[in-house]
There are 2 protein chains.
Amino acid sequence: MIRTPYLLFLGDAPDNLAAKVAQGIADWNPDAVVGQFRMEGCKADVGVPDMSLQEAYDKGARTLVVGVANRGGVISEAWLKVLTEAMEIGYDLASGLHNLLRDEDVLKATSARSGATLHDVRVPTVAYPIANGKKRTGKRCLAIGTDCSVGKMYTALAMNAEMEKRGMKSTFRATGQTGILVTGRGVPLDAVIADFMAGAVEWLTPDNDADHWDHIEGQGSLFHVSYSGVTMALIHGGQPDAIILAHEPTRTHMRGLPDYDLPSLEALRDMVLPIAKVANPDAQVVGVSVNTKALSDEEATKLCEEIEARLGLPTIDPFRHGAGRLVDALAAI
Amino acid sequence: MIRTPYLLFLGDAPDNLAAKVAQGIADWNPDAVVGQFRMEGCKADVGVPDMSLQEAYDKGARTLVVGVANRGGVISEAWLKVLTEAMEIGYDLASGLHNLLRDEDVLKATSARSGATLHDVRVPTVAYPIANGKKRTGKRCLAIGTDCSVGKMYTALAMNAEMEKRGMKSTFRATGQTGILVTGRGVPLDAVIADFMAGAVEWLTPDNDADHWDHIEGQGSLFHVSYSGVTMALIHGGQPDAIILAHEPTRTHMRGLPDYDLPSLEALRDMVLPIAKVANPDAQVVGVSVNTKALSDEEATKLCEEIEARLGLPTIDPFRHGAGRLVDALAAI
């Protein structure tokens, strides 16, 4: 568990894209964010107040979160200086970078001296069990994509936010580094040892109230040969009651696999349902989430209507249309 | 790569079952076995000559392989004495035990002094790549089980042996500790980090001659919720041309999962084929391997005939009937 609230470290990000992790945290967990810390030359802005380390600490911030991608596979001297100073003030550090904080001698030494915790959220810290497959109480929803990076996390966060707005019992369950930084906890599933993947998902989504929904962050795709094993473990460890199909309509091939075409939503539905029923015979495909970022309003509406007619399932872009109709579908289960 | 030939260490095994790893090596790679080393009180015998450490070394043995399960989660003092002495003579050590050789101070110290290599085959030693999904040359066969531990490794080894007997080009590709000890190399797939599982299988089964067959050792089951992600990675990393369905007909529930029924062979076939076609559009289910150990000859023959009629696929128990008809099916592709 990462201590909140956060000060978001944007470093010297050259643009907003480089700070998308910070943006995700500011968008989805605004109550946990005190402000942003920008170094000279920073071109990103996630729309929260600029603050010095000391100022944010005095307002309650307890973890400085690296919300920006680094360049060139190294953590720069300029960054290290800020991160070190933060620990000396009293902050913990959290990061989802491939370069681990703990591998930087100066950060390790400072944390030992100051008592700060270094959270490298790409690295599992729990000895997960082997999955036992036992039916758990409460309900679970999982988005399954035609490809990687089609909006599964966004869909789960939007559905969770909509449920909270309606006063329903609901928790977002993070399985990737951005999600973990947003919520302060979770499982970095892609870094878990093969035998324990499904058990890690069971651990993440334990017994709960009968009317409580876990929104489990999806990973990979059953049709993406590099990561399909991770997706499989999510389905069998998560034993979802409700499955949302997630899609990005402008992809010309599977992400990173130029020789692989995207499956149709029908092919995805037909593959995922028998797989999901192994772990939960009551599993249903209940809706479709389309990432229509590349389309106009008119094109987006037309596409969603067309898919809805084809599949007979509520179809929306949660960013453009809100997640209300998907939540309606879950509430009807 | 583990140096051959081997001397098989049977320790103080209370029965043959405890020495089944040694038996597997003696059965499937007899040319690599010089003899067996049995301590006082050993009740196992894998049918190869008894030898002292020095005698076997003089006959060429270069690795002492722990072919026996340990008891109580520790490596006993009596074992450590033999293993240490072996390294002093000039042996390397190899083991698939959960207790790692490298975690024993005396073994680590002796190996440092003698120059012996400690092979803990449960632990990956290679930085596997992320799978790229590129079509590889050569052909691949994978057995997929209705459950775990239904005879997938045995089936692959039997098919490989039959192909070698016929002078066909063929390699057994180990993905578990017994298989790795049998062949001296392989990938301990259940211990690989999630993101690299499929890439490890690609690494294990590289480009080959067009008429060469890799027989990839299967793991888990698509219907076993604890390990299905590993099975998925084997299918998508292995991109098999030929799939064998493997089955044990007397199971009353999935191994270790009392609430889970076994799937029918038809359900397995219908699930695996669309999954396999993602990575290899030419994938075919070509035969069925039944572990009939618990049945009489007559019952076994009747069951195989019944399955063959139902599925329209050659159906045999490779132990009882030989793997010839499965190899015929592959040769016809």
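Please verify whether A:Thr292 is over 30 Å from A:Arg136 (Cα atoms), out of contact with any Asp or Glu (no Cβ under 6 Å at 6 or more places or on another chain) and not in a helix (DSSP H, G or I), treating the condition exactly as stated.
Judged against the criteria, A:Thr292 is not a match.
May I ask you to list the residues in segment A:156-170 that are among the basic types (Lys, Arg) and over 10 Å from A:Val327 (Cα atoms)?
A:Lys165, A:Lys169
Would you call A:His236 open to solvent by less than 30 Å² (accessible area, probe 1.4 Å), assigned to a loop (DSSP other than H, G, I, E, B) and either at the interface with another protein chain (Cβ under 9 Å from one of its Cβ atoms) or without any contact (Cβ under 8 Å) to a residue 12 or more places away in the chain (or both)?
no
Restricting attention to segment B:248-261, does a residue exist that is modelled with pLDDT of 95 or more and surrounded by 23 or more Cβ atoms within 10 Å (Cβ to Cβ)?
Among the residues of segment B:248-261, not one is modelled with pLDDT of 95 or more and surrounded by 23 or more Cβ atoms within 10 Å (Cβ to Cβ), which makes the answer no.
Those residues that are more than 21 Å from the chain's Cα centre (by Cα) and either facing another protein chain (nearest Cβ under 8 Å) or of a type outside the set (Val, Ile, Thr) (or both), I need them from segment B:252-265; list them, please.
Within segment B:252-265, B:His253, B:Leu257, B:Pro258, B:Asp259, B:Tyr260, B:Asp261, B:Leu262, B:Pro263, B:Ser264, B:Leu265 meet the criteria.
Of all residues in segment A:181-215, which are of a type in the set (A, V, I, L, M), buried (at least 22 other Cβ atoms within 10 Å of the Cβ) and either more than 12 Å from chain B (Cβ to nearest Cβ) or without any contact (Cβ under 8 Å) to a residue 40 or more places away in the chain (or both)?
A:Leu181, A:Val182, A:Ala194, A:Leu204
Is there a residue being in a loop (DSSP other than H, G, I, E, B) and in contact with a His (Cβ under 8 Å, 6 or more places away or on another chain) anywhere in segment B:262-280?
Yes, segment B:262-280 contains at least one residue that is in a loop (DSSP other than H, G, I, E, B) and in contact with a His (Cβ under 8 Å, 6 or more places away or on another chain).
Quick check on this structure: which one of A:Ala267, A:Ala300, A:Ala323, A:Ala294 is among the small types (Gly, Ala, Ser), open to solvent by 20 Å² or more (accessible area, probe 1.4 Å) and more than 29 Å from B:Val272 (Cβ to Cβ)?
A:Ala294
Considering every residue within segment A:49-69, establish whether at least one is modelled with pLDDT under 95 and surrounded by fewer than 23 Cβ atoms within 10 Å (Cβ to Cβ).
yes
Do the conditions hold for A:Ser111, that is, is it free of Cβ contacts under 8 Å to residues at least 60 places away in the same chain and over 26 Å from A:Pro188 (Cα atoms)?
No, not satisfied.
Of everything in segment B:56-73, what is under 10 Å from B:Leu7 (Cα atoms), without any contact (Cβ under 8 Å) to a residue 60 or more places away in the chain and outside any loop (DSSP other than H, G, I, E, B)? Give them in sequence order.
Listed by number, the residues that qualify are B:Ala56, B:Tyr57, B:Leu64, B:Val66.
Just name the residue that is surrounded by the most Cβ atoms within 10 Å (Cβ to Cβ) out of those in segment B:216-233 that are in a helix (DSSP H, G or I) and within 16 Å of the chain's Cα centre (by Cα).
Here the residue is B:Val230.
Does A:Ala158 satisfy the condition of being crowded, with 23+ Cβ neighbours inside 10 Å and of a type in the set (A, V, I, L, M, F, W, C)?
yes
Tell me which residues, restricted to segment A:1-33, are surrounded by 22 or more Cβ atoms within 10 Å (Cβ to Cβ) and over 16 Å from the mean Cα position of the chain (by Cα).
Within segment A:1-33, A:Tyr6, A:Leu7, A:Leu8, A:Phe9, A:Leu10, A:Gly11, A:Ala13, A:Val33 meet the criteria.
For segment B:74-96, which residues satisfy the criterion of being part of a loop (DSSP other than H, G, I, E, B) and open to solvent by less than 50 Å² (accessible area, probe 1.4 Å)?
If the condition is that a residue be part of a loop (DSSP other than H, G, I, E, B) and open to solvent by less than 50 Å² (accessible area, probe 1.4 Å), then B:Ile75, B:Ser76, B:Gly90, B:Tyr91, B:Gly96 are the ones that fit.
Taking segment A:161-180 only, how many residues are open to solvent by less than 30 Å² (accessible area, probe 1.4 Å) and either within 14 Å of chain B (Cβ to nearest Cβ) or within 16 Å of A:Asp328 (Cβ to Cβ) (or both)?
Counting residues in segment A:161-180 that are open to solvent by less than 30 Å² (accessible area, probe 1.4 Å) and either within 14 Å of chain B (Cβ to nearest Cβ) or within 16 Å of A:Asp328 (Cβ to Cβ) (or both) gives 4.
Give the residues of segment B:123-155 that are within 14 Å of chain A (Cβ to nearest Cβ), among the polar types (S, T, N, Q) and open to solvent by less than 40 Å² (accessible area, probe 1.4 Å), sorted by residue number.
Scanning segment B:123-155 gives a single hit, B:Thr146.
Starting from residues that are among the small types (Gly, Ala, Ser) and in a loop (DSSP other than H, G, I, E, B), keep the ones in segment A:111-122 and report whichever is surrounded by the fewest Cβ atoms within 10 Å (Cβ to Cβ).
Among them, the one singled out is A:Gly115.
I'm trying to understand the selection: among the residues of segment B:270-290, which are open to solvent by 50 Å² or more (accessible area, probe 1.4 Å) and either in contact with a Lys or Arg (Cβ under 7 Å, 6 or more places away or on another chain) or away from chain A (no Cβ under 12 Å) (or both)?
B:Asp282, B:Gln284
Is at least one residue of segment A:97-105 assigned to a helix (DSSP H, G or I) and either farther than 25 Å from A:Asp190 by Cβ or within 14 Å of another protein chain (Cβ to nearest Cβ) (or both)?
There is at least one residue in segment A:97-105 that is assigned to a helix (DSSP H, G or I) and either farther than 25 Å from A:Asp190 by Cβ or within 14 Å of another protein chain (Cβ to nearest Cβ) (or both).
The values are calculated or read from the model by the stated rules, or taken from the named source; none is laboratory data. Everything quoted here is computed from the prediction, not taken from an experiment. In this analysis, Cβ positions are derived from the backbone assuming ideal geometry, glycine residues included, and neighbour counts consider all displayed protein chains. Side chains included, ligands, DNA and RNA excluded: accessible areas come from the protein's heavy atoms. Shrake-Rupley method; radii C 1.70, N 1.55, O 1.52, S 1.80 Å.
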